[in-house]
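The values are calculated or read from the model by the stated rules, or taken from the named source; none is laboratory data. What you see is a predicted model, and the numbers here were worked out from it, not measured in a lab. Cβ atoms come from the backbone with ideal geometry, glycine included; neighbour counts cover every protein chain shown.
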Amino acid sequence: MAAYADDVIRQLDDAGADQAVVCGLSMGGYIVFELLRRFRQRVHAAILSNTKAAADTAEGKRGRDAMATRAQAAGVRGVAAELVPKVVARATYERRPDVVNEVREMILRQPLAGVVGALRALRDRPDSTPLLGTIRVPVLVIAGDDDQIAPAAGMQEMARAIPIAQFVLIPESGHLSPLEQPQAVNDALNAFLAQL
């Protein structure tokens, strides 16, 4: 996550931006936590969407390793087959083949080395739970009501631990709320940004 955060800081430097409102979805949330840990002065506000603060459990780490091994043996297609039903809401999976196909195609476009590297980065990320109470910028926490990876109850608990946080629950969405319910997510983002 440190390397990804460094990349974001380089982008801000190249753009001449001293600060930014940073937004992270899923793994992007872990990068936001790294920015808040190491480059706090560069973060004006943060949006944490469908993510969690805790590090992987031992079981979660074994799962990441198993998926990386499957990816190396069977390619990205095997990863897509396993992930797609988990990253969208059950209603989306059953009734919105357009979204399901879009998610599958996004996964299939990724290089195998990038997928394996990301799985290892996810496995090894630090626990950001101790960081939550120290965050002093406004934070919007967005959760999907049917998120199987970062359940809404855990995200609401995370929002409660952050001093200046708002929590928004997006109905009929899973781990990819912005893709599944773009209007509801955009409404939440616009309302949050208007307060800054």
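Identify the residue in the range 26-62 that is touching a residue at least 24 places away in the same chain (Cβ under 8 Å) and among the polar types (S, T, N, Q) and, among all such residues, is surrounded by the fewest Cβ atoms within 10 Å (Cβ to Cβ).
Filtering the range 26-62 for residues that are touching a residue at least 24 places away in the same chain (Cβ under 8 Å) and among the polar types (S, T, N, Q), the one surrounded by the fewest Cβ atoms within 10 Å (Cβ to Cβ) comes out as S26.
Considering each residue of the range 94-126, count those that are part of a helix (DSSP H, G or I) and either acidic (D, E) or touching a residue at least 12 places away in the same chain (Cβ under 8 Å) (or both), and give that number.
20
Could you count how many residues in the range 67-109 are at pLDDT 95 or above, over 26 Å from I170 (Cα atoms) and surrounded by 14 or more Cβ atoms within 10 Å (Cβ to Cβ)?
Count: 0.
Within the range 162-185, how many residues are outside any loop (DSSP other than H, G, I, E, B), more than 16 Å from the chain's Cα centre (by Cα) and surrounded by fewer than 17 Cβ atoms within 10 Å (Cβ to Cβ)?
2
Of the conditions (1) out of contact with any Asp or Glu (no Cβ under 8 Å at 6 or more places or on another chain); (2) outside the structural domain of A188 (by TED's automatic domain parsing); (3) among the charged types (D, E, K, R), R136 clears all except one; give me its number.
Condition (2) is where R136 drops out.
Specify which of the listed residues (Q148, Q156) is within 18 Å of S26 (Cβ to Cβ), part of a loop (DSSP other than H, G, I, E, B) and of a type in the set (S, T, N, Q).
Of the residues listed, the single one that is within 18 Å of S26 (Cβ to Cβ), part of a loop (DSSP other than H, G, I, E, B) and of a type in the set (S, T, N, Q) is Q148.
Which of the numbered conditions does D14 fail, given that it passes all the others? Conditions: (1) assigned to a helix (DSSP H, G or I); (2) modelled with pLDDT of 95 or more; (3) under 17 Å from the mean Cα position of the chain (by Cα).
Only one criterion is unmet by D14, namely (3).
Only one of R62, R70 is in a helix (DSSP H, G or I), charged (D, E, K, R), in contact with a Gly (Cβ under 6 Å, 6 or more places away or on another chain) and not assigned by TED's automatic domain parsing to the domain that holds H175; which?
R70
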